[in-house]
Each structure stands twice: as structure tokens, then as C-alpha cells.
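Before any comments, here is the structure.
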């Protein structure tokens, strides 16, 4: 059964720092992996999606990488800003299924 | 822009009431999902639908049912609401884009309180 883990659960950094959020999964037979951002009390906003055949995706200051063999993905945020403060979630879709399994998220606070 | 809307942002219901949560997407997506989100437990899949009138149970379907009569609309039904169904309910839809990846888009969520 696929399990998705995100460490750390919470992170506090000063503005301007580059940071890395981690996502680990136990079953490497995945179809894709998606990173989301969630603001308090709101829905999820899609940030990046990496297909199983890809190694990384970039959007602005965000870069997500995927290493299927080791069961890991990282989300790199460059030059963090207070507006980046949110909970970041990763979700894995397994091969041959419509279902996504979510991690419990990393709560990020960027201090001005 | 893809838009997924949910019928209510906040809802308060009494134990034993029948509760309907509605989700509508405007991009002709095939797949639609209902999740609940609880502190420490993350998002858990309740039901999903891959086509009109087609549905499959997720990880926690007990106490819930769903309806998908039209492609754009996916309803979650709590047959007899209980206090342990107090939660944030999130609807999502997905579609294949170039390369065949299915990206999920979420609605704003419904915070349901059962008293």
C-alpha cells in the first residue's frame, strides 16, 4: 500500500532563503506526482506536476524534482517571500489507478 | 482558467440530517473526487467518479454516497450526518493534458460542522 511522507511537518525561515521541501513515497510504481499549496481554510492550488518519465519541472521560483527509484521528490523554493507562507502538500498517483495518495504536508512560515 | 466550485463554504447541520454537498467543474473533466481533510490525517479519498453515473469507493466511503448524473456535477451525500463527519470537504477534478498526465484541480472546500 502506497504511503506518502513529508518531512519536516513545519518549517520557519527568514525571507530570502532558498529552501527544500521533501516528499517520500514507498511504492515507485507511480503515474505522476503533484505538488500543491494550501492557504489556511482554503482549497488546494496546483503548483507543479511531474510525470513518471520526467525528472523535474520548473515554474518561476519553484522547481520540483523526482527520483522514482529512491521514492523521493523535492520542491525547491528560491528566494522565499512571506507570501510563500502556506502548507505544501505532495500527492502521488499510482500506475493503473485514478487514486491519489496525499502526504500530510509541510507548514511553511517565511518571516519578513 | 479551470474552475471548480462547491455549493457552500460553511455548513452547520444537526446529527441525523441528510446533507448534500455539491461540486461543479466547468472544463469537461472526466474524473471527479471527494476528499475529507482532518488535522493530522491529511486528505483522505471518500469517493471518485471517472465518468457520468460511474463511481468507485475510496478509502473511507462508510456513511457517504455520491451521485454523478451530469459530467460537470458530482454530489456527496451524508445519509445521516454524525458528529464524526465534522470536517473540511474538498472536491477535485482532473483531466489529461499533453503527455497524458492527469492534473488535479480543487474547489475552495466546504467546512461542515455536525452538532
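The values are calculated or read from the model by the stated rules, or taken from the named source; none is laboratory data. Remember, predicted model here, so these are calculated numbers, not experimental data. Cβ coordinates were reconstructed from backbone atoms using ideal geometry, including for glycine residues, and neighbour counts include every protein chain displayed.
For segment B:69-84, state whether one or more residues are surrounded by 13 or more Cβ atoms within 10 Å (Cβ to Cβ) and free of Cβ contacts under 8 Å to residues at least 40 places away in the same chain. No: zero hits.
Looking at residue A:89, is it closer than 20 Å to residue B:90 by Cβ, within 14 Å of chain B (Cβ to nearest Cβ), without any contact (Cβ under 8 Å) to a residue 24 or more places away in the chain and touching a strand residue (DSSP E or B) at 6+ places or on another chain (Cβ under 6 Å)? Here the answer is no, as residue A:89 does not meet what is asked.
To keep it simple, each residue is scored yes or no on (1) away from chain B (no Cβ under 13 Å); (2) under 13 Å from the mean Cα position of the chain (by Cα); (3) under 20 Å from residue B:43 (Cα atoms); (4) not in a strand (DSSP E or B).
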residue: A:2; (1), (2), (3), (4): no, no, yes, yes
residue: A:28; (1), (2), (3), (4): yes, no, no, yes
residue: A:34; (1), (2), (3), (4): no, yes, yes, no
residue: A:48; (1), (2), (3), (4): no, yes, yes, no
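The residues listed here are A:73, A:65, A:80; of these, the one that is out of contact with any helix residue (DSSP H, G or I) (no Cβ under 9 Å at 6 or more places or on another chain), more than 12 Å from chain B (Cβ to nearest Cβ) and not in a strand (DSSP E or B) is A:80. Of the residues in segment B:10-17, at least one is at pLDDT 95 or above, within 12 Å of another protein chain (Cβ to nearest Cβ) and surrounded by fewer than 18 Cβ atoms within 10 Å (Cβ to Cβ).
Checking the condition over 21 Å from residue A:34 (Cα atoms) and not in a loop (DSSP other than H, G, I, E, B), which residue from B:43, B:11 passes? So the residue among B:43, B:11 that is over 21 Å from residue A:34 (Cα atoms) and not in a loop (DSSP other than H, G, I, E, B) is B:11.
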